[in-house]
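Right, one structure below, let's go through it.
The values are calculated or read from the model by the stated rules, or taken from the named source; none is laboratory data. Computed from a predicted model, the values in this text were never measured in an experiment. All Cβ positions, even for glycine, are placed from backbone atoms using ideal geometry, and neighbour counts span all protein chains on display.
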Amino acid sequence: MKTQHPISQNLPGHRVRAVIAGTGSYLPARVMSNDDFTKIVDTSDEWIRTRTGIRERRIAAPGEATSDLAAKAGERALQAAGLNATDLDLIIVATVTPDHLLPSTACLVQRALGAERAFCFDMEAACSGFIYASEVARCFLENGAVRHALVIGAEKMSSIVDWTDRQTCVLFGDGAGAVIWTRAEDGRGLLATAMGSDGRLADLLVVPAGGSRKPASAETVAAREHAIRMSGREVFRHAVVNMAQAARDAIEKAGCTLADITWVIPHQANQRIIEAIAERLELPIGRFYLNLERTGNMSGASIPVALDEAVRGGTIRPGDRILTVAFGSGLTWGASVIQL
Ligand code: ACO
């Protein structure tokens with residue numbers, strides 16, 4: 001991507017925008033197949049494939065934490081952008097599985113990369129986190145406060161999965177994706193974002209304990225309250241409605257139409273959710289970039305990993321206009337239109 005587009009160009013008639021200078025991703029080595037789950041819960045490859053579209057997912061090693069995955073993805077994005085870690089002014093990590101309650105995972109990534117000039121913080125918007133974090137970075141870039149921002153979606157979902165709950169444990173995977181955002185005035189960039197939240201539905205997807213409401217205790221561990229609890233059907237319904245609406249809102253804000261979108265990069269939670277959105281938007285499913293078959297739902301990491309794979313694989317090219325769209329716990333949702 002960098003070779004096609006110099007990082008910064010000034011072309012008359014364009015405003016300063018946040019543009020993608022490089023992408024990177026990292027998936028842990030261990031592959032866990034659907035068949036592997038049949039040894040721990042009452043399920044089958046057939047059920048998981050037909051209900052979700054997932055065949056396998058990656059699982060981090062026991063000593064591997066979210067910041068380890070994030071730093072590797074960040075390094076690859078820096079390489080793709082042709083930048084050094086010391087060029088970074090800002091690091092945001094979107095995650096629901098931070099290494100610790102404090103410090104932020106972003107500060108740990110800063111240390112791992114040696115990005116000493118950057119200011120760093122985490123963003124918690126669950127599966128919508130990458131879209132929220134990119135929108136926050138856009139504000140800093142467009143107002144001139146920062147020149148290079150590293151936005152990472154990184155998750156070790158295996159650390160908050162209830163391995164005895166067949167309805168949820170089969171859905172998730174670990175990984176990290178990263179984007180270096182910089183500034184340019186050449187028509188490229190993050191054109192528009194639409195975001196929304198509904199805290200009234202907070203209980204549909206929740207990790208009950210481990211925060212201030214229910215600090216960790218022997219009882220919370222015994223009750224498996226440090227793992228995800230999800231009302232799958234309800235989440236499914238809200239995901240379809242809100243992702244389709246967010247997509248329409250972002251497109252309208254960007255002043256374009258769905259016909260202008262080359263590729264949609266959706267949050268990779270469930271193939272049936274994505275098919276339902278495609279139907280609502282009256283877009284062929286072939287215009288959606290899908291990798292969930294190999295990754296499962298990586299929450300905040302899912303869009304940047306898919307984006308990086310699509311860029312490196314040559315599916316997404318300079319000049320394309322892409323739509324990212326996500327939905328997650330909170331509830332939160334969002335969509336962005338990005339001109340590459
Ligand atoms: N293997 C076999 N059977 C199962 C499994 C499993 N892994 N999980 C559930 N079942 C059974 C249920 O017990 C139920 O059996 P019953 O009819 O005898 O009671 C039956 O399958 C149907 O269960 P449902 O929950 O109704 O199945 P559904 O078709 O809704 O699929 C799923 C469940 C895949 C979780 C779906 O609801 C879903 O995808 N929801 C959205 C989940 C999601 O994407 N969450 C994340 C979005 S936000 C984020 O990314 C954090």
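Quick notes on this one:
- Restricting attention to region 233-288, the residues that are touching a Ser or Thr at 6+ places or on another chain (Cβ under 7 Å) and within 15 Å of the ligand (Cβ to nearest atom) total 5.
- Selection from region 74-100 of residues that are part of a helix (DSSP H, G or I) and out of contact with any Leu (no Cβ under 6 Å at 6 or more places or on another chain): GLU75, ARG76, ALA77, LEU78, GLN79, ALA80, ALA81, THR86, ASP87
- Within region 44-65, if we keep just the residues that are acidic (Asp, Glu) and in contact with a helix residue (DSSP H, G or I) (Cβ under 7 Å, 6 or more places away or on another chain), the residue that is nearest to the ligand (Cβ to nearest atom) turns out to be ASP45.
- Residues located in region 11-43, provided they are of a type in the set (A, V, I, L, M), over 30 Å from VAL151 (Cβ atoms) and touching a helix residue (DSSP H, G or I) at 6+ places or on another chain (Cβ under 6 Å): VAL41
- Within this structure, THR52 passes the test of being within 23 Å of the chain's Cα centre (by Cα) and either among the polar types (S, T, N, Q) or at pLDDT below 95 (or both).
- Screening ALA71 with (1) outside any helix (DSSP H, G or I); (2) closer than 27 Å to THR193 by Cα gives one miss only, at (1).
- Residues of region 141-189 classified as more than 12 Å from the ligand (Cβ to nearest atom) and closer than 18 Å to GLY24 by Cβ, total: 16
- Of all residue pairs spaced 6 or more apart or on separate chains, those with beta-carbon atoms under 6 Å, a first member in region 101-128 that is farther than 25 Å from SER197 by Cβ and without any contact (Cβ under 8 Å) to a residue 40 or more places away in the chain and a second member that is surrounded by fewer than 24 Cβ atoms within 10 Å (Cβ to Cβ) and hydroxyl-bearing (Ser, Thr, Tyr) are ARG117/THR86.
- Matching entry among GLY144, GLY153 (being part of a loop (DSSP other than H, G, I, E, B), within 25 Å of VAL16 (Cβ to Cβ), assigned by TED's automatic domain parsing to the domain that holds GLY63 and not charged (D, E, K, R)): GLY144
- Number of residues in region 116-164 that are under 20 Å from ARG58 (Cβ atoms) and not polar (S, T, N, Q): the value is 14.
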